[in-house]
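Okay, structure first, notes after.
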Amino acid sequence: MHPDMQPPVNPLPPVVWALFAAIMGVEAVLSLGSAGIIGGPGAVGWRLAALRDYGFSGIAFDWMVSNGIFPWEHLLRFVTYPFVHSGFSSTLFAGVILLALGKLVGEVMGQLAVLVVFFFSAIFGAVVFGLVTNAPWLIGAFPAVYGLIGAYTFLMWQKLAGTGGQQFQAFSLIGVLMGLQLLFGIFFEVGVEWVADLAGFVCGFVLSLVVVPGGWARLRTMIQRR
């Protein structure tokens, strides 16, 4: 392409578009069904059915841990719950964060890293949520996108370390988001989903040690030195 024809904004990595399309596609079907535009009268209950069939079930998780039995239909919930949301507004907010942070992380770490961080953060967030809380359900992409926030924080932390800046400034974004959740919790009933969000952030930050370019080689060198 001629230099003068370059787009003013770098295109999003395809994997980010794919995740965004999956999240918004599911929401479009559920919203249209709730509005009675598609699916007939029975479509009004599609969102509740999606929660029941694809949401992370704390009750099922407790049963699996207690009995040491892990059926596939319940294990799949760890990777399907990020695609089911409580409504359009929460879906859109999660999608916007996914686009912004997925672009930044994907350009530096690569598309595979985005997938690894997204799904492992979702899984880890659900596990911590299931262990720490007694809440029956967890849905939404926020633990996964908070994992991308963790990866972005790692990149900023690394950059500040290289330039001699104050590394704690890298955690300003997660600090603001957690502060907002605390503020909303004072005035509104926001639940305990923040536990999964924070766990997803930690997972994304730690995973970045490995998935960042050259990270695995550095980690292996550190292990061999010990």
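The values are calculated or read from the model by the stated rules, or taken from the named source; none is laboratory data. Given the structure is predicted, the values throughout are model-derived calculations rather than measurements. We place every Cβ from the backbone using ideal geometry, glycine too, and count neighbours over all the protein chains shown. When the accessible area is computed, the model is the full protein with side chains, heavy atoms only, and any ligands, DNA or RNA have been set aside. Shrake-Rupley method; radii C 1.70, N 1.55, O 1.52, S 1.80 Å.
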| said: VAL145 - would you say it is over 18 Å from VAL210 (Cβ atoms), touching a Leu at 6+ places or on another chain (Cβ under 9 Å) and buried (at least 24 other Cβ atoms within 10 Å of the Cβ)? | reply: yes
| task | Filter segment 72-91 down to the residues that are open to solvent by less than 30 Å² (accessible area, probe 1.4 Å) and in a loop (DSSP other than H, G, I, E, B), then identify the one that is farthest from GLY55 (Cα to Cα). | result | GLY87
| Any idea which of GLY68, GLY55, GLY45, GLY36 is crowded, with 16+ Cβ neighbours inside 10 Å and either farther than 23 Å from PHE120 by Cα or not charged (D, E, K, R) (or both)? | GLY55
| query | Based on what the data block shows, is LEU30 touching a Leu at 6+ places or on another chain (Cβ under 9 Å) and modelled with pLDDT of 95 or more? | reply | no
| remark: In segment 74-116, anything within 13 Å of the chain's Cα centre (by Cα) and without any contact (Cβ under 8 Å) to a residue 24 or more places away in the chain is listed as PHE93, VAL96, ALA100
| request: Select from segment 54-73 the residues that are farther than 15 Å from ILE139 by Cβ and either in contact with a strand residue (DSSP E or B) (Cβ under 9 Å, 6 or more places away or on another chain) or not small (Gly, Ala, Ser) (or both) and list them in ascending order. | output: ASP62, TRP63, MET64, VAL65, ASN67, ILE69, PHE70, PRO71, TRP72, GLU73
| said: Going residue by residue through segment 115-129, is there one that turns out to be modelled with pLDDT of 95 or more, part of a loop (DSSP other than H, G, I, E, B), touching a Gly at 6+ places or on another chain (Cβ under 7 Å) and open to solvent by 20 Å² or more (accessible area, probe 1.4 Å)? | reply: no
| request: Need at least 3 residues that are closer than 21 Å to GLY106 by Cβ and modelled with pLDDT of 85 or more per element, so show me which helices (runs of 4 or more DSSP H) inside segment 145-226 make the cut, counting only ones lying wholly within it. | output: 194-211
| message | Checking the structure you have, find out if any residue of segment 13-25 is under 28 Å from GLY204 (Cβ atoms), touching a Ser or Thr at 6+ places or on another chain (Cβ under 8 Å) and touching a residue at least 24 places away in the same chain (Cβ under 8 Å). | response | yes
